[in-house]
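This report refers to the structure that appears directly beneath it.
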Amino acid sequence: MKLTTLILTIAVSAALSIGCSKKEPTPQLASNDIDKPAAAEPVPTPEPTPPLTPETKIQKQPAKKAAALEGLTYVKGQPVTLTEGKVYVVEFWATWCLPCRTSIPHLTEIQKQFKDKGVTVIGISDEPVKTVKPFVENMGDKMDYTVAVDTEGKADAGYIDAYNPDNTIPFACIVDARGNVAWFGHPMDGMDEVLALVVAGTYDPAAYAKAKAEAKAAEQRLYALFQEYFTAFASGAPIDQTRPIAEKLIETENPEAMSAMAWHILMQADQPNSDKPIALKAAEKANTLTNGENPMVLDTYALALFENAKVAEAIAAQEKAIALIDNNEPMAADLKTRLEAFKAALNAPETSKDDQ
């Protein structure tokens with residue numbers, strides 16, 4: 001994974017969890033409309049409380065039975081009755097909501113993946129049937145799960161009002177085999193992983209919340225290291241100043257991060273502070289961590305070998321990377337171009353890396 005891709009990956013979870021407001025916010029009185037006391041003691045501002053995640057919210061209340069799916073008009077699939085022993089994903093959406101449309105193919109994949117494990121996905125809208133039905137028909141197999149309209153507002157009351165006070169969509173709840181709401185949140189914000197655990201009967205909200213918080217903290221530390229390294233690199237800081245930062249990044253043992261850092265360094269190999277040895281160290285470790293089976297990591301490793309005058313090894317690594325590419329001709333062509341450059345350097349001793 002190259003640097004730009006990694007940065008996008010770090011940011012994508014926040015982008016995917018964007019939702020639409022389901023209801024208009026309550027108007028707030030202007031400050032001059034509020035009667036103030038003549039004099040008041042200053043009130044200390046409390047420390048901000050981190051927002052509760054779906055997992056921590058679940059921990060703070062006893063297991064709650066999921067509301068029955070009543071008052072629905074089905075526009076696709078058969079009516080759904082929550083039955084113990086089966087798992088359900090109850091999702092709320094609207095045709096006008098762009099994030100909802102983005103999540104539709106994702107929900108289709110979830111239904112396909114978990115269909116044989118007793119999971120039913122149902123999408124519920126509160127729009128008129130005449131709006132929802134043609135939209136669903138036009139989507140065809142791209143929206144391949146049960147779809148209903150909450151014509152009586154009962155589903156909204158049982159799920160949105162109970163678990164989603166911000167009234168944002170898309171919004172999903174996982175109902176476990178005991179009929180309890182096990183998780184709720186944005187359907188593209190970790191729901192897949194939780195669903196797999198719920199289906200397996202091993203979901204522990206406390207343990208999952210802890211692991212998720214630790215992963216988030218590690219991600220933030222990683223991003224901070226990237227910022228620190230490349231800010232120093234761009235300012236022209238010498239290698240003896242940037243290398244300790246790079247070593248810390250390598251210690252995270254994140255192969256994607258190491259490969260991305262190495263690639264960025266190698267793409268600026270002509271800069272006087274381009275640390276080619278550390279790029280090779282990072283790429284080699286990333287390749288080891290991925291068992292030499294990731295073509296993009298191997299591509300970076302091959303370039304790092306080449307830039308460190310290990311041309312024959314670079315050729316071998318690049319050939320392996322090309323062999324691992326499956327049905328991606330543009331990527332294969334890009335890697336083959338670099339392979340030819342490596343071979344040309346090997347066959348031209350007077351301009352080989354050993355003589356530079």
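With 24 Å as the limit, write out which pairs from Lys64/Lys142; Lys154/Lys216; Lys276/Lys336; Lys276/Lys320; Lys64/Lys86 have Cα-Cα distances beyond it, or answer none.
Working: Lys64/Lys142 32 Å; Lys154/Lys216 36 Å; Lys276/Lys336 22 Å; Lys276/Lys320 22 Å; Lys64/Lys86 16 Å.
Too far apart for the 24 Å limit: Lys64/Lys142; Lys154/Lys216.
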How do 131-140, 210-219, 174-183 rank on mean C-beta neighbours within 10 Å, highest first?
174-183, 131-140, 210-219
Give the aspartates and glutamates reachable from Lys130 as a straight Cα distance under 16 Å; neighbours fewer than 8 places away on the same chain don't count.
Asp150, Glu152
Over all pairs of different Cα atoms in the range 209-355, the reciprocal of the mean inverse distance gives a Kirkwood radius in Å of 16.0
Please find the FRET efficiency linking Ala323 to Leu98, where r is the Cβ-Cβ separation and R0 is fixed at 41 Å, and quote it to the nearest 0.05.
0.55
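Between Asp204 and Lys343, take the C-beta separation as r, use R0 = 51 Å, and let me know the FRET efficiency to the nearest 0.05.
Working: r = 53 Å, r/R0 = 1.05.
My answer for the efficiency is 0.45.
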Whole-Å distance, taken between Cα centres, linking the range 238-260 and the range 116-184
45
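Return the inverse of the average 1/r over all pairs of distinct C-alpha atoms in the range 54-203, which is the Kirkwood hydrodynamic radius, in Å to one decimal.
Evaluated over the range 54-203, this radius sits at 15.2 Å.
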Can you tell me how much longer the chain between Tyr223 and Glu70 gets when fully stretched, taken as 0.36 nm per residue apart minus their C-alpha distance, in nm with one decimal?
50.5 nm
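Length gain on complete extension for the stretch Ala269 to Ala234, per 0.36 nm per residue less the alpha carbon to alpha carbon distance?
11.3 nm
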Could you work out how far apart the two model spin labels at Asp192 and Thr131 are, taking each label as a point 7 Å from the Cα in the direction of the beta carbon, and quote it in nm?
3.0
Enumerate the aspartates and glutamates that Lys310 could reach by cross-link, defined here as Cα to Cα under 16 Å, with residues fewer than 8 away along the same chain left out.
Asp275, Glu284, Asp299, Glu319, Glu340, Glu350, Asp354, Asp355
For Cys173, Cys20, Cys97, what's the fewest-to-most ordering of other Cβ within 10 Å of each Cβ?
Cys20, Cys97, Cys173
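Just so you know, all these numbers are worked out from the coordinates, no wet-lab data involved. Bear in mind that the values here come from a model prediction, so they are computed numbers and not experimental data. Note that we place each Cβ from the backbone using ideal geometry, even for glycine, and neighbour counts take in every protein chain shown.
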